[in-house]
1. Take the conditions within 16 Å of LYS178 (Cβ to Cβ), open to solvent by less than 30 Å² (accessible area, probe 1.4 Å) and either of a type in the set (A, V, I, L, M, F, W, C) or in contact with a Ser or Thr (Cβ under 8 Å, 6 or more places away or on another chain) (or both) and apply them to LEU166. Does it pass?
2. For region 40-89, name all the residues that are under 27 Å from ARG300 (Cβ atoms) and part of a loop (DSSP other than H, G, I, E, B).
3. Looking only at region 358-386, how many residues end up being aliphatic (A, V, I, L, M) and touching a Leu at 6+ places or on another chain (Cβ under 7 Å)?
4. Which residues, taken from region 112-146, are open to solvent by less than 40 Å² (accessible area, probe 1.4 Å), hydrophobic (A, V, I, L, M, F, W, C) and more than 9 Å from the ligand (Cβ to nearest atom)?
5. For ALA97, all conditions in the list (1) in contact with a Lys or Arg (Cβ under 9 Å, 6 or more places away or on another chain); (2) surrounded by fewer than 21 Cβ atoms within 10 Å (Cβ to Cβ) hold save one; what is the number of the exception?
6. Those residues that are within 22 Å of the chain's Cα centre (by Cα), surrounded by 12 or more Cβ atoms within 10 Å (Cβ to Cβ) and charged (D, E, K, R), I need them from region 5-26; list them, please.
7. Taking PHE182 as meeting all but one of (1) assigned to a loop (DSSP other than H, G, I, E, B); (2) within 16 Å of the ligand (Cβ to nearest atom), write down the number of the exception.
8. If I ask for residues that are among the hydroxyl-bearing types (Ser, Thr, Tyr) and out of contact with any Gly (no Cβ under 9 Å at 6 or more places or on another chain), which ones from region 349-386 would you list?
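The values are calculated or read from the model by the stated rules, or taken from the named source; none is laboratory data. Given the structure is predicted, the values throughout are model-derived calculations rather than measurements. Note that each Cβ is placed from the backbone with ideal geometry, even for glycine, and that neighbours are counted across all protein chains shown. For the accessible areas, the whole protein counts, side chains as well, though only heavy atoms, and no ligand, DNA or RNA atoms are used. Shrake-Rupley method; radii C 1.70, N 1.55, O 1.52, S 1.80 Å.
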Amino acid sequence: MDYQNFFTSALDRLQAERRYRVFAEIERLAGRYPQALWHSPEGPRPITVWCSNDYLGMGQNRDVTRAMVETAWRLGTGAGGTRNISGNSHPIVELEAELADLHSKEAALVFTSGYVSNQTGISTLAKLIPNCLILSDALNHNSMIEGVRQSGCDKAVFRHNDLEHLEELLQAAGDRPKLIVFESVYSMDGDISPIHAICDLAERYGAMTYIDEVHAVGMYGPRGGGIAEREGAMHRIDVIEGTMAKAFGVMGGYLTGTKAVMDAIRSFAPGFIFSTALPPAVAAAAMASIRHLKASSSERQQQQRQAARTKAVLSSVGLPVIDTPTHIVPVMVGDAEACKAASDRLLEKHGIYIQPINYPTVPRGTERLRITPGPSHTNAHIDALAAALVEVWTALGLPLESKVQAAE
Ligand code: PMP
C-alpha cells in the first residue's frame with residue numbers, strides 16, 4: 001500500500017482548488033510592532049504587519065514580557081503535567097480569579113487555547129445536560145462546531161444573527177433543554193451579535209447561553225470584558241469564553257460561569273483533564289496583560305481610532321472595504337487566486353504583510369484581505385497601505401469603486 005500517496009494526493013487536491021497555504025516566515029521584533037522581519041528567499045527584509053490578532057500589541061508590552069521572563073526564571077518553563085497530576089500553579093489560580101472578576105462571574109477555568117476551551121467546553125456542557133439541543137449560529141468558529149459535533153447532541157443551526165430563525169427553532173424544540181452557542185464579534189465579517197435580544201429569547205424559551213468573546217475581550221467594555229461588558233449583558237450569559245492569545249497578546253483560553261458549571265467542566269472535560277496545564281510564566285504574562293487592560297483604555301481607544309481611519313482612507317480610494325462596527329477591516333476580493341496574488345504582491349513589492357483569507361475560513365466567493373490595525377499603526381502607515389493596495393488592485397485588474405463610478 002502506498003500510504004504516502006494518500007497524503008500527497010490530498011495535498012494535490014488542495015493545490016488544484018487553490019487552497020494550499022504557504023506561510024511566510026515572519027519575525028515580530030519586540031517593541032517594534034508593526035515593523036517586522038520577513039525571511040524572504042533573498043534574505044531578511046523589513047516589512048509592516050497588518051494582520052496580527054495581537055490587536056493591541058500587548059504581546060510586546062514590557063510589563064507583560066517581564067512577567068513572563070521573571071516567572072520563568074522563578075518557576076521554570078513548563079507546568080510539569082496536567083493539573084490532575086501536578087496540581088495548580090499559583091499563577092493559574094490567580095489568573096482564574098482575575099478572569100472571573102473580568103466577567104463578573106463566580107469562577108473561571110483556563111485551558112491551553114481558546115480552541116480547546118470551546119471544543120471541550122461546549123461538548124462537555126451539552127453532554128451533561130440530558131437530551132440537550134444545541135442551537136448554533138451559522139458562522140460560529142470551527143472550535144465551536146467541533147464542540148457541538150463532539151457532544152453527540154442534536155443541533156439546530158440558525159442563520160447568522162437571525163433572531164426570527166433562532167426563535168422558530170427554539171419554539172419548535174418545545175420544553176427540552178437547550179443551549180444557544182454564539183459569538184460576540186465575528187472575526188471575518190467584523191459584525192456583532194445582538195446579545196440582549198438573544199438573551200431575551202433564551203429567557204423566554206428556557207435556554208442556557210454560551211458566548212465566544214475571543215475577538216472582543218480586551219477590546220471592548222470599560223475594563224476590556226468584551227461586548228457583553230460594554231452592553232451590560234454579562235450577567236445574562238451563562239458561560240463566557242475567551243482567549244488570552246489575541247488582545248491580551250499571550251496564549252491560552254478560558255471559560256467563566258458559575259462555580260457549579262466550572263467545577264463540572266473541570267471534572268468532566270477531557271480537553272482539561274488530559275492536557276498539560278499552561279506554563280506558569282504564560283499564566284503570569286496573561287494576568288499582567290489582563291490587569292493592564294482592565295485599568296487602561298488608551299490602547300483600545302487608539303486602536304479604534306486607527307481602525308476607523310483605516311476604513312475611511314481605504315474606502316476613500318475606492319477599495320471594497322466592509323464598514324464594520326468593530327476593529328476588523330475586511331477588504332473583499334471574491335476570488336481565491338486573486339486574493340493570494342494580492343497578498344503576495346503586497347509582501348514582495350510593498351513590504352506589507354496581510355495573509356489571504358480563503359475558503360474554508362470564509363465561504364467561497366467571499367475571499368478577502370482581513371486587516372487588523374493596531375494602536376501603533378501610524379497615519380503614515382495607513383496612507384502607505386492605501387497606496388499599496390491601490391497599486392495591487394490596479395495591477396491585478398481588481399475593481400476599484402471610484403473607477404466603476406467614473407465609468408458609469
Ligand atoms: N474562537 C474564535 C471565534 C476564534 O477566531 C479563535 C481563533 N482564531 C478561537 C476561538 C480559538 O482561540 P485560540 O486562538 O486561543 O485557540
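1. When the stated conditions are applied, LEU166 passes them.
2. TRP50, CYS51, SER52, ASN53, ASP54, TYR55, LEU56, GLY57, ASN61, listed by residue number.
3. Total meeting the criteria: 1.
4. Within region 112-146, ILE122, LEU125, ALA126, ILE129, CYS132, LEU133, ILE134, LEU135 meet the criteria.
5. Condition (1) is where ALA97 drops out.
6. Passing the criteria: only ARG19.
7. Here PHE182 meets the rest and fails (1).
8. Within region 349-386, TYR353, THR361, THR372, THR378 meet the criteria.
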